[in-house]
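Participant: Attaching a single structure in structure tokens format; questions to follow.
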Amino acid sequence: IVDIQLKRVHQMLGKNHVKLNIPDNVKDWLAARGYDPVYGARPLKRVIQQSITNVLATQLLMRESDAPVEYEATINKNKDGIDFAEVVSDVEEWVEEKTRNNCFQKLSVGHSCRARNLELIKKIASSF
């Protein structure tokens with residue numbers, strides 16, 4: 001049922017050139033919070049809207065570009081919500097873009113990055 005509901009989210013995001021990776025542990029988290037003994041899986045749609053759609057929409061509004069983007073969903077440290085990290089393949093280009101747009105201050109307000117080369121981004125970020 002979670003996959004069926006998420007398919008709608010993926011279709012909506014795809015129209016806006018946004019790709020969202022949702023691992024199984026996040027799906028399990030959604031299923032646990034979207035199930036009620038009385039109502040079954042009916043609350044799931046609301047949980048997905050509050051935890052994914054609304055949060056991701058806010059993050060997309062903070063972006064400086066309309067270029068295609070990819071996000072990865074993870075459970076936050078308190079296990080009470082979902083965080084979204086932008087997935088980048090070219091870390092140097094990403095840092096250059098953020099520097100050019102003076103976005104590093106904005107990043108501390110609810111935005112993070114999952115780099116495919118984490119060591120490189122640490123090195124670049126430490127130079128600021």
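Participant: Using a 10 Å cut-off on Cβ atoms, rank the peptides 53-60, 14-21 from the highest mean neighbour count down. Intermediate results must be reported in sequence, preceding the final value.
Facilitator: Values: 53-60: 15.0, 14-21: 13.4.
Packing order, densest peptide first, comes out as 53-60, 14-21.
Participant: Can you check what the net charge comes to around Ala41, using other residues whose Cβ is under 13 Å from the Cβ of Ala41 (Lys, Arg +1; Asp, Glu -1)? Mind dumping the intermediate values first?
Facilitator: Working: positive: Lys27, Arg33, Arg42, Lys45, Arg46; negative: Asp3, Asp36.
Spelling it out: positives minus negatives among the neighbours equals +3.
Participant: Then there is this: Under 5 Å between amide H atoms, partner at least 5 residues away or on a different chain: which partners does Lys19 have, H built in plane at 1.01 Å?
Facilitator: Val69, Glu70, Tyr71
Participant: Hey, got the dipole for the range 1-52? About the Cα centre, +1 on K and R Cβ, -1 on D and E Cβ, debye to the nearest 20?
Facilitator: With Lys and Arg at +1 and Asp and Glu at -1, about 260 debye.
Participant: Now a separate question. Starting at the first residue of the range 58-70, write each ³J(HN,Hα) from the Karplus equation 6.51 cos²θ - 1.76 cosθ + 1.60 with θ = phi - 60°, in whole Hz, x for Gly and Pro.
Facilitator: 3J(HN,Hα) across the range 58-70, in whole Hz: 4, 5, 5, 5, 7, 5, 8, 9, 9, 5, x, 9, 10.
Participant: Subtract the Cα-Cα distance of His10 and Thr58 from 0.36 nm times their separation in residues, and report this length gain in nm to one decimal.
Facilitator: 15.6 nm
Participant: So, one more: Return one whole number: the accessible area per residue of the range 3-56 in Å², for a 1.4 Å probe. Provide the component values of the computation, followed by the final result.
Facilitator: Working: 3560 Å² over 54 residues.
Value returned for the range 3-56: 66 Å² of accessible area per residue.
Participant: Here's something else I'd like to know. Hey, rough spin-label estimate for Val38 and Asn76, points 7 angstrom out along Cα→Cβ, what's it come to in nanometres?
Facilitator: Modelled inter-label distance: 2.7 nm.
The values are calculated or read from the model by the stated rules, or taken from the named source; none is laboratory data. Quantities reported herein were computed from a predicted structural model and do not represent experimental measurements. Counting neighbours? That spans all protein chains shown, and the Cβs are built from the backbone with ideal geometry, glycine included. Note: accessible area is taken over every heavy atom of the protein model, side chains too, but ligands, DNA and RNA are not part of it. Shrake-Rupley method; radii C 1.70, N 1.55, O 1.52, S 1.80 Å.
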